[in-house]
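Each remark here refers to the structure printed beneath this line.
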Amino acid sequence: MSLEEPDLPTAAESEVGVTDDGLDYDALADLLGDRLLDREEHVNAEGFVIRPDQVQSVLFDLRDEAGFDHCSCVTAQEYDDRYESIYHLKKYDEPTHELSVVVPSPKDDPHNESAEPVYRTADWHEREAYDLVGIEYDDHPDLRRILLPETWQGHPLSGDDDQTEPQIVTLREHANPLADDHRADDAETMFVNIGPHHPATHGVLHLETVLDGEQVAHVEPDIGYLHRCEEQMCQQGTYRHQIMPYPDRWDYISAGILNEWAYARAAEDMADIEVPEYAQVIRTMSAELCRIAAHMLAAATFALDVNGDFTATFMYAIRDRERVQNILEDLTGQRLMFNYLRLGGVAWDLPEPREDFFEQTRDFLDDLPGNIQEYHNLLTSNEIFQMRTVDTGVLPPEEAKSYGATGPVARGSGIDYDLRRDDPYGYYDELDWDVVTEDGCDNYARVLVRLREVEQSARIIEQCVDLLEDWPEDERTIQSNVPRTLRPDPDAEIYRAVEGAKGELGIYMRSDGTDKPARFKIRSPCFSNLQTLPVMSEGEYIPDMIASLGSLDIVLGEVDR
Amino acid sequence: MTAPLQTPLPSSIADLLGLDPNSTVGLFVAALLGAGLIATVMLSLTAVLGIWGKRKITAAFTDRIAVNRHGPYGLLIIPADAVRLLSKELIVPAKVDRPAWDLAPLIIASSALLGFAVIPMGNGLHIADPEIGLAFVFATASIASLGLLMAGYASNNKFSFLGGLRAVAQNLAYEIPLVVTGASVVLFTGSLQMSEIVAAQQGTLVGPIPQWFAFVNPFAFVLFMIANLAEVGRNPFDIPEAPTEIVAGYQTEYSSVYFVLIYLGEFIHIFLGGAIIATIFLGGPAGPVLPGIVWFMIKMVSVYLFTQWARSALPRVRVDQLIQIGWKGMLVLSFANLVLTAIIVGVISA
């Protein structure tokens with residue numbers, strides 16, 4: 001950066017297609033020239049249809065010339081006559097500048113050039129597309145199944161998947177996946193399976209680790225142990241009511257309402273549903289309560305990873321999180337699977353008597369600064385903790401962007417990216433709060449970001465409580481009028497994201513005119529964030545890898561879906 | 001004032017039973033009984049503090065209640081846990097290296113118990129008082145490293161292996177500072193004999209402050225406490241087990257009785273560390289009003305409480321940092337302490 005001439009135009013000005021009032025798709029189309037086959041209209045952005053063998057050249061140009069440095073998600077789907085991969089592009093500086101690159105490929109032999117050389121994050125996203133839908137990505141470094149077992153037969157989201165056939169074959173009939181391992185006799189390294197059952201993997205994650213002494217020579221996350229076909233289940237539910245319970249089960253560490261909002265936002269934008277302001281305030285408040293609960297658990301389990309399993313910090317954080325849980329329980333009736341949002345609003349108003357609810361919430365907020373100070377005393381200001389976390393698990397911002405890292409992981413690497421501010425929804429842009437970033441790029445910075453975000457969430461909740469308290473009684477509309485059966489326009493496509501607890505939680509939906517989505521794709525922040533683990537931990541010690549994994553704050557329910 | 005050197009425990013037992021303390025057989029029987037008594041005391045203490053006390057203490061540190069449904073104050077958790085642990089299946093993994101795998105828990109548990117043979121606990125509870133008492137207790141305590149290495153190596157498990165290697169690296173790095181710091185006390189007393197060391201701490205330093213070596217040489221005391229934390233493998237030096245990194249280290253593959261033995265060994269080791277600190281830094285059984293054994297237990301358990309406190313509050317250092325602190329920090333400081341003490345002692349005696 002320092003080598004740049006000071007009088008050059010800033011990045012935003014030099015990007016193709018950027019105008020004062022948004023994105024000029026015609027200019028982008030000119031950039032692609034005759035590589036552009038067709039232009040589609042998606043609800044969130046335009047879709048540029050390109051040839052499957054020109055993916056890399058197009059994406060390189062869009063990244064380098066037009067500034068699309070964030071490949072948010074790769075959606076694969078099958079139509080009657082073709083397969084299709086959609087690369088949802090965004091900019092870290094300006095996430096409202098969106099572009100979908102649509103890559104159709106032939107039905108009989110679906111091939112596609114891989115986007116991995118352009119965006120590292122496409123590695124896993126394309127593996128998932130190959131695994132579930134069956135599109136082959138040429139030039140992909142490692143096109144293997146990712147969510148399903150190696151021995152799985154067929155591709156479950158493709159149309160020709162025959163569920164009467166055996167879906168999994170025995171290892172004997174299949175190439176033995178144990179045959180190719182790193183345990184060569186003359187090797188100086190040691191292969192260790194960390195997980196799927198291990199105290200530090202935060203769930204059923206499997207890290208195939210090659211150790212050189214105590215140092216990590218190579219690590220590869222193996223995911224999919226908690227794959228529950230969430231996308232398929234959502235495709236079988238009706239928009240109106242049957243999908244909303246599922247998001248609670250993605251990031252199940254009390255981030256339920258944040259997840260629900262991702263679906264609510266996508267579906268509401270797709271079907272053009274207005275949400276009453278009062279409901280938006282309630283949504284904002286409850287979502288931030290969820291964020292506090294999620295971040296507290298993140299800090300608590302990070303303390304487990306770094307301090308050991310008798311640490312007091314864990315119990316202190318759980319104790320304080322319990323109070324958030326109680327507030328959420330009073331509000332939603334649930335402690336874990338809230339199912340509180342509805343399309344067009346929320347399920348019900350605040351619990352009566354309202355004064356008690358406000359008092360309970362205010363009490364919690366009043367005690368919070370003291371509690372946070374306690375965590376700072378026990379963790380961040382502890383010299384041993386700093387010794388362990390500062391400059392370990394370093395994730396440089398360029399790498400973070402290339403891997404599509406979002407949320408506290410990106411903000412801990414100094415990337416100022418928060419959809420609540422940059423792509424406002426709910427009531428966030430009316431409120432006074434700050435996006436927290438830290439420039440450390442290390443484990444310490446990520447923990448610090450979470451602890452400081454708790455404070456910001458508390459600020460948001462406080463303002464929401466003030467607003468709700470003074471809201472006129474006759475204007476407390478919790479839901480707008482939404483048709484009993486929702487049938488969005490046929491072929492409407494949308495990709496919408498919200499700032500979940502772990503980062504950008506996006507939903508892609510395509511409607512076929514019925515009351516159920518034809519394709520439902522979840523962009524999980526943990527899925528992208530977890531990909532950065534090798535960058536952070538290779539060459540470091542095992543304890544640092546464990547700490548880095550903890551600082552990523554993954555939830556396997558969301559990684560595997 | 002000097003404390004009257006007390007009769008060793010075997011002799012008093014021989015007297016009590018009417019055995020001839022000068023005959024080999026009589027002394028042997030009496031010594032066996034004495035050793036049995038001390039071992040029983042230590043094992044009971046471990047049962048109370050390891051099973052019940054540890055739960056309660058950790059709970060107090062972490063804002064919880066812990067066991068309270070099993071009898072008064074949950075004390076009946078002790079027999080319940082004993083039955084539970086002993087009735088579990090002893091799983092012997094395939095390809096473990098026997099008998100090393102079977103011997104390791106025995107070595108870990110017995111080496112720590114052995115050290116209590118020379119610890120003067122007050123009220124005549126003192127099995128033997130050899131002239132090399134302090135050297136003996138350090139020597140027995142470090143046998144445990146052998147057990148840890150055996151456990152780690154024989155388990156045929158990579159996590160155990162890493163844990164065993166970490167344990168040895170850690171004990172090597174911290175036992176030298178431990179012994180060297182202990183030696184600085186010997187410079188004051190001029191004797192390795194435990195009774196002499198206790199006797200040298202009688203009397204007062206300034207005003208009511210007793211002449212314990214913890215007050216005479218606080219620097220050595222702090223060094224010894226830190227090295228002791230590493231020696232017994234508690235935070236911030238619990239890396240041989242490091243549950244979130246290498247599952248449970250060298251004890252990963254042990255279950256049932258073997259697990260109990262390792263667990264016992266660990267706790268007795270902590271108590272032995274406490275006993276050594278009590279003897280060479282805190283005046284042994286000395287203290288007002290209460291009998292000596294009570295004072296001794298209070299001091300020993302205080303050290304145990306300190307390890308639990310560290311465990312609840314402190315993060316764990318990384319393995320390379322641990323080795324660095326050991327070889328670059330503790331070793332240098334402990335030798336500096338030794339040299340300084342030698343100079344001071346020399347000046348005073350001159």
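The values are calculated or read from the model by the stated rules, or taken from the named source; none is laboratory data. Note that the structure is predicted; figures quoted are calculated from it, not measured. Positions of Cβ are generated from backbone atoms using ideal geometry, with glycine treated the same way; all protein chains shown enter the neighbour counts.
Residues in segment A:330-361 that are of a type in the set (Asp, Glu) and not in a helix (DSSP H, G or I): how many? Quick ask: steps written out before the conclusion?
Narrowing segment A:330-361 to residues of a type in the set (Asp, Glu): A:330, A:349, A:352, A:355-356, A:359.
When the remaining residues are screened for being not in a helix (DSSP H, G or I), the result is A:349, A:352.
The qualifying residues number 2.
When you check B:Ala230 against the structure, is it among the small types (Gly, Ala, Ser) and within 14 Å of another protein chain (Cβ to nearest Cβ), yes or no? Talk me through it step by step, then tell me what you get.
On the way: among the small types (Gly, Ala, Ser): yes; within 14 Å of another protein chain (Cβ to nearest Cβ): yes.
Yes.
Kindly establish whether A:Ile522 is in contact with a helix residue (DSSP H, G or I) (Cβ under 7 Å, 6 or more places away or on another chain), closer than 18 Å to A:Gly203 by Cβ, within 14 Å of chain B (Cβ to nearest Cβ) and of a type in the set (Val, Ile, Thr).
Numbers: in contact with a helix residue (DSSP H, G or I) (Cβ under 7 Å, 6 or more places away or on another chain): yes; closer than 18 Å to A:Gly203 by Cβ: yes; within 14 Å of chain B (Cβ to nearest Cβ): no; of a type in the set (Val, Ile, Thr): yes.
No, not satisfied.
With respect to the numbered conditions (1) in a loop (DSSP other than H, G, I, E, B); (2) more than 27 Å from B:Lys54 (Cα to Cα); (3) in contact (Cβ under 8 Å) with a residue 60 or more places away in the chain, which one is the sole condition not fulfilled by B:Ile91?
Every condition holds for B:Ile91 apart from (2).
Any chance segment A:439-446 includes a residue that's at pLDDT 90 or above, small (Gly, Ala, Ser), out of contact with any His (no Cβ under 8 Å at 6 or more places or on another chain) and within 30 Å of A:Pro543 (Cβ to Cβ)?
Yes, segment A:439-446 contains a residue that is at pLDDT 90 or above, small (Gly, Ala, Ser), out of contact with any His (no Cβ under 8 Å at 6 or more places or on another chain) and within 30 Å of A:Pro543 (Cβ to Cβ).
When you look at A:Thr485, is it in a loop (DSSP other than H, G, I, E, B), of a type in the set (S, T, N, Q) and touching a Lys or Arg at 6+ places or on another chain (Cβ under 7 Å), yes or no? Steps first, please.
Working: in a loop (DSSP other than H, G, I, E, B): yes; of a type in the set (S, T, N, Q): yes; touching a Lys or Arg at 6+ places or on another chain (Cβ under 7 Å): yes.
Yes.
Does any residue in segment B:240-260 that is free of Cβ contacts under 8 Å to residues at least 40 places away in the same chain come within less than 6 Å, Cβ to Cβ, of a residue that is of a type in the set (A, V, I, L, M, F, W, C) and not in a helix (DSSP H, G or I) six or more places away or on a different chain, and which pairs are these?
Every condition considered, the pairs that remain are B:Thr244/A:Ala200.
Sort through B:Gly273, B:Gly284 and tell me the only one that's surrounded by 22 or more Cβ atoms within 10 Å (Cβ to Cβ) and either in a helix (DSSP H, G or I) or touching a Leu at 6+ places or on another chain (Cβ under 8 Å) (or both).
Details: B:Gly284 fails: either in a helix (DSSP H, G or I) or touching a Leu at 6+ places or on another chain (Cβ under 8 Å) (or both).
The conditions single out B:Gly273.
Quick test of your reading of the structure: A:Pro424 fulfils all but one of (1) touching a residue at least 24 places away in the same chain (Cβ under 8 Å); (2) within 22 Å of the chain's Cα centre (by Cα); (3) within 18 Å of A:Thr284 (Cα to Cα). Name the failing condition by number.
Only one criterion is unmet by A:Pro424, namely (1).
The conditions are (1) acidic (Asp, Glu); (2) surrounded by 22 or more Cβ atoms within 10 Å (Cβ to Cβ); (3) under 18 Å from A:Ser480 (Cα atoms), and A:Asp272 fails exactly one of them. Which is it?
Just one mismatch for A:Asp272, condition (2).
Somewhere in segment B:330-345, is a residue modelled with pLDDT under 90, within 21 Å of B:Ala141 (Cβ to Cβ) and of a type in the set (Val, Ile, Thr)?
no
Output the residue which, of all residues in segment A:300-311 that are modelled with pLDDT of 85 or more and surrounded by fewer than 24 Cβ atoms within 10 Å (Cβ to Cβ), is farthest from the other protein chains (Cβ to nearest Cβ).
A:Ala300
Being modelled with pLDDT of 85 or more, in contact with a strand residue (DSSP E or B) (Cβ under 7 Å, 6 or more places away or on another chain), farther than 30 Å from A:Arg421 by Cα and part of a strand (DSSP E or B) is true for just one of A:Ser72, A:Ser100, A:Ser85, A:Ser105. Which residue is that?
Details: A:Ser72 fails: farther than 30 Å from A:Arg421 by Cα; A:Ser100 fails: farther than 30 Å from A:Arg421 by Cα; A:Ser85 fails: farther than 30 Å from A:Arg421 by Cα.
The conditions single out A:Ser105.
May I ask you to verify whether A:Asp553 is away from chain B (no Cβ under 14 Å), at positive phi, modelled with pLDDT under 90 and in contact with a helix residue (DSSP H, G or I) (Cβ under 6 Å, 6 or more places away or on another chain)?
Values: away from chain B (no Cβ under 14 Å): yes; at positive phi: yes; modelled with pLDDT under 90: yes; in contact with a helix residue (DSSP H, G or I) (Cβ under 6 Å, 6 or more places away or on another chain): yes.
Answer is yes for this residue.
Select from segment B:56-75 the residues that are of a type outside the set (Ser, Thr, Tyr) and part of a helix (DSSP H, G or I) and write down the one among them that is nearest to the other protein chains (Cβ to nearest Cβ).
Quick first cut of segment B:56-75, residues of a type outside the set (Ser, Thr, Tyr) only: B:56-57, B:59-61, B:63-72, B:74-75.
Next, only the ones that are part of a helix (DSSP H, G or I) stay: B:56-57, B:59-61, B:72, B:74.
Values: B:Lys56: 13, B:Ile57: 10, B:Ala59: 9, B:Ala60: 10, B:Phe61: 5, B:Pro72: 25, B:Gly74: 18 Å.
That would be B:Phe61.
Taking B:Tyr254, is it modelled with pLDDT of 85 or more, away from every other protein chain (no Cβ under 14 Å) and surrounded by 24 or more Cβ atoms within 10 Å (Cβ to Cβ)?
On the way: modelled with pLDDT of 85 or more: yes; away from every other protein chain (no Cβ under 14 Å): yes; surrounded by 24 or more Cβ atoms within 10 Å (Cβ to Cβ): yes.
So B:Tyr254 passes the test.
Please pick out the residue among A:Arg459, A:Arg496, A:Arg523 that is in the same structural domain as A:Pro353 (by TED's automatic domain parsing) and surrounded by fewer than 24 Cβ atoms within 10 Å (Cβ to Cβ).
On the way: A:Arg496 fails: surrounded by fewer than 24 Cβ atoms within 10 Å (Cβ to Cβ); A:Arg523 fails: surrounded by fewer than 24 Cβ atoms within 10 Å (Cβ to Cβ).
One residue alone meets the criteria, A:Arg459.
In segment A:115-142, which residues are at negative phi, over 22 Å from the mean Cα position of the chain (by Cα) and surrounded by fewer than 23 Cβ atoms within 10 Å (Cβ to Cβ)? Give the derivation first.
Going through segment A:115-142, the residues at negative phi turn out to be A:115-133, A:135-138, A:140-142.
From what's left, over 22 Å from the mean Cα position of the chain (by Cα): A:135-138, A:140-142.
Within segment A:115-142, A:Glu136, A:Asp138, A:His140, A:Pro141, A:Asp142 meet the criteria.
Which number in (1) in contact with a strand residue (DSSP E or B) (Cβ under 8 Å, 6 or more places away or on another chain); (2) over 27 Å from B:Lys328 (Cα atoms); (3) surrounded by fewer than 24 Cβ atoms within 10 Å (Cβ to Cβ) marks the one condition that B:Leu261 misses?
Every listed condition holds for B:Leu261 apart from (1).
Name every residue in segment A:27-60 that is of a type in the set (Lys, Arg) and in a strand (DSSP E or B), in order of residue number. Can you show your working first?
Initial filter on segment A:27-60 (of a type in the set (Lys, Arg)): A:35, A:39, A:51.
Of everything in segment A:27-60, just one residue is of a type in the set (Lys, Arg) and in a strand (DSSP E or B), namely A:Arg39.
Being closer than 30 Å to A:Ala547 by Cα, within 14 Å of chain B (Cβ to nearest Cβ) and in contact (Cβ under 8 Å) with a residue 12 or more places away in the chain: is that true of A:Phe385 here?
Numbers: closer than 30 Å to A:Ala547 by Cα: yes; within 14 Å of chain B (Cβ to nearest Cβ): yes; in contact (Cβ under 8 Å) with a residue 12 or more places away in the chain: yes.
Yes: the conditions hold for A:Phe385.
Conditions tested, residue by residue: (1) crowded, with 21+ Cβ neighbours inside 10 Å; (2) free of Cβ contacts under 8 Å to residues at least 24 places away in the same chain; (3) more than 14 Å from every other protein chain (Cβ to nearest Cβ).
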| site | (1), (2), (3) |
| --- | --- |
| A:Tyr263 | yes, no, yes |
| A:Ala267 | yes, no, yes |
| A:Cys290 | yes, no, yes |
| A:Ala298 | yes, no, yes |
| A:Ala317 | yes, no, no |
| A:Asp320 | yes, no, no |
| A:Gly333 | no, yes, yes |
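Which condition from (1) free of Cβ contacts under 8 Å to residues at least 60 places away in the same chain; (2) among the basic types (Lys, Arg); (3) within 20 Å of B:Ile323 (Cα to Cα) is the one that B:Arg166 breaks?
It is condition (1) that B:Arg166 fails.
Cβ-Cβ under 6 Å, sequence separation 6+ or interchain: first residue in segment B:192-217 and within 18 Å of B:Val137 (Cα to Cα) and surrounded by fewer than 21 Cβ atoms within 10 Å (Cβ to Cβ), partner modelled with pLDDT of 80 or more and of a type in the set (Ser, Thr, Tyr). Which pairs?
So the pair list comes out as B:Glu196/B:Thr189.
Does segment A:205-225 hold any residues that are surrounded by fewer than 18 Cβ atoms within 10 Å (Cβ to Cβ) and among the hydrophobic types (A, V, I, L, M, F, W, C), and which are they?
A:Ala217
In segment B:233-251, how many are within 12 Å of chain A (Cβ to nearest Cβ) and outside any loop (DSSP other than H, G, I, E, B)?
Total meeting the criteria: 5.
State all residues of segment A:438-451 that are surrounded by 20 or more Cβ atoms within 10 Å (Cβ to Cβ) and without any contact (Cβ under 8 Å) to a residue 40 or more places away in the chain; if no residue qualifies, say none.
Listed by number, the list holds a single entry, A:Ala445.
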